[in-house]
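Here the structure comes first, spelled out in structure tokens, and everything after it is commentary.
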Amino acid sequence: MTVEQEEFFEELYSKYFNKIRLYAESVIPNEERAHEVAQDTFHEAVRKIDEVIHHPNPPAWLYTTARNKARDCKRKYLRDLKRCIELNREMEEAIASPEASMDERLICGESPG
């Protein structure tokens with residue numbers, strides 16, 4: 001990164017990081033994930049510094065990138081949540097089946113008998 005690019009990025013980061021983080025929090029109601037989205041947005045800006053520095057509206061580039069990263073984060077979260085629900089349902093069905101052993105039932109918190 002050139003000195004000019006580094007100075008540009010530092011200024012962009014200092015002016016917009018908190019705004020991008022707050023924007024991410026409005027989309028993702030989880031402070032840690034929103035912070036990660038903001039960090040990822042600026043990581044992407046570093047990777048594509050030439051594109052950002054020549055963009056007609058660098059803050060708009062940041063917000064667009066943050067929006068896309070927030071959507072991706074939400075999509076991954078919902079996919080993982082769906083998998084957990086499916087696994088939980090499968091486990092409950094397996095335990096409820098007559099073939100489930102007493103050990104399986106005890107592991108999952110069912111009382112014997």
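Let me know the charge dipole size of the range 35-99 about its Cα centre in debye, to the nearest 20, where only the beta-carbon of Lys, Arg (+1) and Asp, Glu (-1) is charged.
Values: 12 positive and 12 negative charges, 75 e Å.
In total the dipole reaches around 360 debye.
Sort 84, 73 by heavy-atom solvent-accessible area, probe 1.4 angstrom, most to least.
Values: 84 85, 73 30 Å².
Ranked list, largest accessible area first: 84, 73.
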Fraction of alpha-carbon pairs in the range 1-71 farther than 17 Å apart, rounded to whole percent, equals 36
Taking a probe of 1.4 angstrom, what is the accessible area of residue 91 in Å², to the nearest 10?
90
Local electrostatic count at residue 27 - Lys and Arg +1, Asp and Glu -1, tallied over other residues with Cβ under 10 Å
+4
Of all GluC sites (Glu not before Pro) in the range 2-42, which ones are in loop regions per DSSP and have a Cβ with at most 10 other Cβ atoms within 10 Å?
none
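The values are calculated or read from the model by the stated rules, or taken from the named source; none is laboratory data. For clarity, every value in this text was computed on a predicted model and none was experimentally measured. Backbone-built Cβ (ideal geometry, glycine too); neighbour counts: all protein chains shown. Keep in mind that these areas ignore ligands, DNA and RNA; they rest on the heavy atoms of the full protein, side chains included. Shrake-Rupley method; radii C 1.70, N 1.55, O 1.52, S 1.80 Å.
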